[in-house]
Amino acid sequence: MNATRVIVPMSRGLRDEFVPLERGVLRLTRRGRVLALLVVTILVCIAFSVGRVSSSQAATGEPVVQHTVLVTSGETLWSIAKREAPTRDPREVVDAIQRANHLTGVLQIGQTLVLPALS
């Protein structure tokens, strides 16, 4: 019996794609390198944005002063609002005091109320 040997040429591209890798070596294609660079760039931009926002909030440098008032007999939120911010609309001031102190009910004598910035 005559055996005929057939040689099939491989294209150059197929032969170059299969390269045995050493264990633990990572090889990225061009697309993979571009994607990795894009991800790193996005993460750096996010980190700088977060840093800028938090530093701009803390950069005022002025201490926050909270004024308080002690509720006495016969006082209402309306009377406190008119006394503490006479040039402003008392309704707005009452709302601000309620929000700042999480008020839902009646005032108690001796209760300390935090007054928000009423300038």
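Bear in mind that the values in this text are calculations on the coordinates, not laboratory data. Note that the structure is a prediction, hence the values are computed from the model and not measured. Positions of Cβ are generated from backbone atoms using ideal geometry, with glycine treated the same way; all protein chains shown enter the neighbour counts.
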To the nearest 0.05, how large is the calculated FRET efficiency for Val50 and Leu26 if R₀ is 25 Å and r is the Cβ-Cβ distance? 0.25
Can you compute the charge dipole magnitude of segment 67-115 about its Cα centre, using +1 on each Lys and Arg Cβ and -1 on each Asp and Glu Cβ, nothing else charged? Give it in debye, rounded to the nearest 20. 20
Ranked by how many other beta carbons lie within 10 Å on average, peptides 85-98, 32-45 from highest: 85-98, 32-45
FRET efficiency (Val106, Leu38; Cβ distance; R0 41 Å; to 0.05) is 0.10
Where q = 0.15, 0.19, 0.30 Å⁻¹, what log10 of I(q)/I(0) comes from the Debye formula for segment 67-115, counting one point per Cα? -0.32, -0.53, -1.35
Subtracting the Cα-Cα distance of Gln98 and Thr76 from 0.36 nm times their residue separation yields 6.8 nm
Quick check: net charge around Gln98, other residues with Cβ under 13 Å of its Cβ, Lys/Arg +1 and Asp/Glu -1? 0
